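Reviewing the structure listed below.
The values are calculated or read from the model by the stated rules, or taken from the named source; none is laboratory data. Only a predicted model underlies this, so the values are computations on that prediction, with no experimental measurement involved. Neighbour counts are summed over all protein chains in view; Cβ atoms, including those assigned to glycine, are modelled from backbone coordinates with ideal geometry.
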Amino acid sequence: MIARQEFLPAYIIHTRPYRDTSVLVDFFTESLGRVTAVARGVRQQKNRTRSLLTPFSRLLITLHGKQDLKLLTAVEADNRFFSLQANYLFSGFYVNELLLRSLPELDQHPELFAVYQTTLQHLHEQQPLEAVLRCFELALLADAGYGLDCENTLDTGDLIHADMPYLFLQHGFSAAAGYVPEEQCIPGRVIQAIARRDFSDPQVRVVAKKLCRQLLKPLLGSRPLHSRALFSSPAS
């Protein structure tokens, strides 16, 4: 049994209908990580909770029930709502889907929760979209144990130098030895820019996007992400 909780800071990352009038809600919480709960009766027109269950709005919730199915017993708005528009809105859905697909239930991720809030703030401010998404993806990967070492080579531990070419290995880089086609190499300066989270250079953006997609595959599996289909100019 999970005891009744105090109010937990939380965001909604997914909802789906449950029985006649209820909804299953996937929350991302500060202290419990991802957790699924039943919101009873919220599909009824006069239900007061219904209007609160929206994405990108910080909530305070209480939960009760067994580990495999919790009950949402109370919810309040926490006066922090991020209004997202156009591709920034679709990016918010993309970030939520990454959390839903990659995080196991009831696995704490307090640092990632803070990164998520910062990401929503940056999307709300319409900061450069690809930089916002790459920063979140890299933080998610690091938190899940799939982090990318952009400072030292994976095989020898040597520092990565700006003027040297490198090959991408599973979770890092190796100095390119002998003849390697240029299109297979990644310049050291690009890797260093990714380490600094500096995505102002178009080449850095292209490489970072490709690397993040490869690194996310073990977490996401083979099913395509529904949110990617929303983009008119894909950044995810």
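Structural remarks
- Check on Asp68, among the acidic types (Asp, Glu) and either more than 23 Å from the chain's Cα centre (by Cα) or over 24 Å from Gln117 (Cα atoms) (or both): yes
Residues checked against (1) more than 13 Å from Leu138 (Cα to Cα); (2) acidic (Asp, Glu); (3) free of Cβ contacts under 8 Å to residues at least 40 places away in the same chain:
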site	(1), (2), (3)
Ser174	yes, no, yes
Glu183	yes, yes, yes
Arg196	no, no, yes
Asp201	yes, yes, yes
Ala208	no, no, no
Leu219	no, no, no
Ala229	yes, no, yes
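- Contact map, the stretch 24-49: first residue not assigned by TED's automatic domain parsing to the domain that holds Glu76, second residue part of a loop (DSSP other than H, G, I, E, B), Cβ cut-off under 7 Å, separation 6 or more or different chains; the map is empty.
- One residue stands out among those in the stretch 63-92 that are surrounded by fewer than 18 Cβ atoms within 10 Å (Cβ to Cβ) and of a type in the set (S, T, N, Q): the one that is modelled with the lowest pLDDT, which is Gln67.
- Some residue of the stretch 188-203 being closer than 22 Å to Phe90 by Cα and crowded, with 16+ Cβ neighbours inside 10 Å: yes
- Filter result for Arg223 (at positive phi, within 20 Å of the chain's Cα centre (by Cα) and in a loop (DSSP other than H, G, I, E, B)): no
- Residues of the stretch 173-192 satisfying the condition of being assigned to a loop (DSSP other than H, G, I, E, B), at negative phi and not aliphatic (A, V, I, L, M): Tyr179, Pro181, Cys185
- For the stretch 105-151, the set of residues classified as closer than 15 Å to Phe28 by Cα, touching a helix residue (DSSP H, G or I) at 6+ places or on another chain (Cβ under 7 Å) and free of Cβ contacts under 8 Å to residues at least 40 places away in the same chain consists of Glu111, Leu112, Val115, Thr119, Asp143, listed by residue number.
- Answer residue from the stretch 110-148, given it is part of a loop (DSSP other than H, G, I, E, B) and either at pLDDT 95 or above or among the small types (Gly, Ala, Ser) (or both) and is nearest to the chain's Cα centre (by Cα) among those: Ala144
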